[in-house]
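Participant: Attaching a single structure in structure tokens format; questions to follow.
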Ligand code: ASP
């Protein structure tokens, strides 16, 4: 069996094309499994996984937990609000205490960029990054690219525009790395104030005109405006943001071409995307969620095989 080139999933940056293809193939197998009447396989029966969420999450946390349970792993969950970090314990101490209970893998979401990498260097467990601040969210990018592959037959050669709050988004960076590795062309579109300073150095074209960007694209991945990461005002008001960058039915009628619409969730309905578009056949938002479980099963299974 082929193996991943990495021992942890810290970011898409550290994966090669073969790794991504192997994850996709494995996910396709697991997608078939989770659509069977009996959705469970014994693959991770002897593996214990801790889900450590130091930042809020709905989809990602549930998706990882379901993926683990479908693989028959033993699962423990822990979230920041109930943790001893509040009592002054360091991250390494917290995790080492958990690991001494014989935990094999840690899935971690943390507000600090680099937290997953840091942990992988200091504790003896397989680490999966479930989002580190505004840095990377590798399983989200894998499920996004996989969803494009499933809808359009391949990712190679496709034109993907990532729309909105690129500055605060870990989804954007991981998606850029994954899409480029898979041979897609990537552009970003949004207000200049929400663009990271050196984004062009990643080989990305920045487009500030939404209609032009959508006219060029096969796929638009629409990001949430990350209000919780903003410490200043990046645009005058939600209404003005929506007028310029909101994906509405009217905008899609104006460009008048087939366009696949994606969103990592949670959606701010009526801000970056209208309900009409989010609920339309063009949108594959719920396919992304379904594929997320299969992708996470694949990642956990392949990483466990490296232990
Ligand atoms: N759920 C994604 C994340 O955790 C996207 C978002 O929150 O907007 O980054």
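Participant: How much mean residue ellipticity at 222 nm does the chain get from its helices, if each DSSP H run of length 4 or more adds -39500 (n - 2.57) and you divide by all residues, to the nearest 500 deg cm²/dmol?
Facilitator: It lands at -12000 deg cm²/dmol.
Participant: Take residue 267 and residue 154, extend 7 Å from each Cα along the Cα→Cβ direction, and tell me the distance between the two endpoints in nm.
Facilitator: Label at residue 267, label at residue 154, 3.1 nm between them.
Participant: Please express the shape of the chain as an equivalent ellipsoid: the semi-axes are the square roots of 5 times the eigenvalues of the C-alpha gyration tensor, given largest first in whole angstrom.
Facilitator: Equivalent-ellipsoid dimensions as semi-axes: 32, 22, 17 Å.
Participant: Same structure again: Using just the C-alpha positions of the range 137-296 as equal point scatterers, what log10 of I(q)/I(0) does the Debye formula give at each q in 0.13 1/Å?
Facilitator: -0.53
Participant: Rounded to the nearest angstrom and ordered from largest down, what semi-axes does the equivalent ellipsoid of the range 109-218 get from its C-alpha gyration tensor (root of 5λ)?
Facilitator: Numbers: eigenvalues 139, 63, 20 Å².
Equivalent ellipsoid of the range 109-218: 26, 18, 10 Å, largest first.
Participant: Let me ask something else. Rounded if a/c is under 1.5, else prolate if a/b is larger than b/c, else oblate: which is the range 1-72, with a ≥ b ≥ c the root eigenvalues of its Cα gyration tensor?
Facilitator: It is oblate, given that a/c is not under 1.5 and a/b is not larger than b/c.
Participant: Normalising by the residue count of the range 1-160, find the relative contact order in percent from Cα pairs under 8 Å and 6+ residues apart.
Facilitator: Value for the range 1-160: 24 percent.
Participant: Run the Debye formula on the Cα coordinates of the range 8-138, all scatterers equal and no solvent, and tell me log10 I(q)/I(0) at q = 0.10, 0.16, 0.17, 0.21 1/Å.
Facilitator: At q = 0.10, 0.16, 0.17, 0.21 Å⁻¹ the computed log10 ratios are -0.33, -0.85, -0.96, -1.38.
Participant: For the range 172-258, state what percent of all Cα-Cα pairs lands in each successive 5 Å bin, counting from 0 Å until the bin that includes the largest distance.
Facilitator: P(r) for the range 172-258, in whole percents per bin: 2, 11, 23, 23, 20, 14, 5, 1.
Participant: Full-extension gain between residue 280 and residue 72, please, as 0.36 nm times their residue separation minus the C-alpha to C-alpha distance.
Facilitator: In short, 71.4 nm is gained.
Participant: State the extension gain, in nm to one decimal, for the chain segment bounded by residue 228 and residue 206, taking 0.36 nm per residue of separation less the distance between their alpha-carbons. Each step should come with its number before you reach the end.
Facilitator: Working: separation 22, 0.36 × 22 = 7.92 nm, distance 2.40 nm.
Stretched fully, the residue 228-residue 206 segment lengthens by 5.5 nm.
Participant: Right, here's the next one. Order of 22-30, 139-147, 72-80 by packing, highest average Cβ count within 10 Å first?
Facilitator: 139-147, 22-30, 72-80
Participant: Residue separation times 0.36 nm, minus the C-alpha to C-alpha distance between residue 198 and residue 40: what's the value?
Facilitator: Net length gain for the segment: 52.4 nm.
Participant: What percent of all Cα-Cα pairs in the range 182-230 falls into each 10 Å bin, going from 0 up to the bin containing the maximum distance?
Facilitator: Calculated P(r), rounded to whole percents: 21, 54, 24, 1.
Participant: If you don't mind, there's one more thing I want to ask. Give me the one-decimal Kirkwood hydrodynamic radius in Å for the range 67-143, with the sum taken over alpha-carbon pairs.
Facilitator: 13.3 Å
Participant: What FRET efficiency would be calculated for the residue pair residue 237, residue 112, taking the C-beta separation as r and a Förster radius of 25 Å, to the nearest 0.05?
Facilitator: Numbers: r = 30 Å, r/R0 = 1.22.
For R0 = 25 Å, the calculated efficiency reads 0.25.
Participant: Taking the Cα centroid of the range 234-307 and of the range 56-131, what is the distance between the two, rounded to the nearest whole Å?
Facilitator: About 26 Å separates the Cα centre of the range 234-307 from the one of the range 56-131.
Participant: A further question follows. Taking a point 7 angstrom from the Cα of residue 215 along the C-beta vector, which residues in the range 251-292 have backbone N less than 19 Å away?
Facilitator: Residues 251-260 qualify, since their backbone N sits under 19 Å from the label point.
Participant: Here is a follow-up. Per residue and in cubic angstrom, what volume does the convex hull of the Cα atoms of the range 207-307 have?
Facilitator: Value for the range 207-307: 141 Å³ per residue.
Taken together, the values in this text are just the output of simple stated rules run on the coordinates, not laboratory data. In this text, all values refer to a predicted model and were calculated from it rather than measured experimentally. No Cβ is skipped: glycine too gets one built from the backbone with ideal geometry, and neighbour counts run over all protein chains shown.
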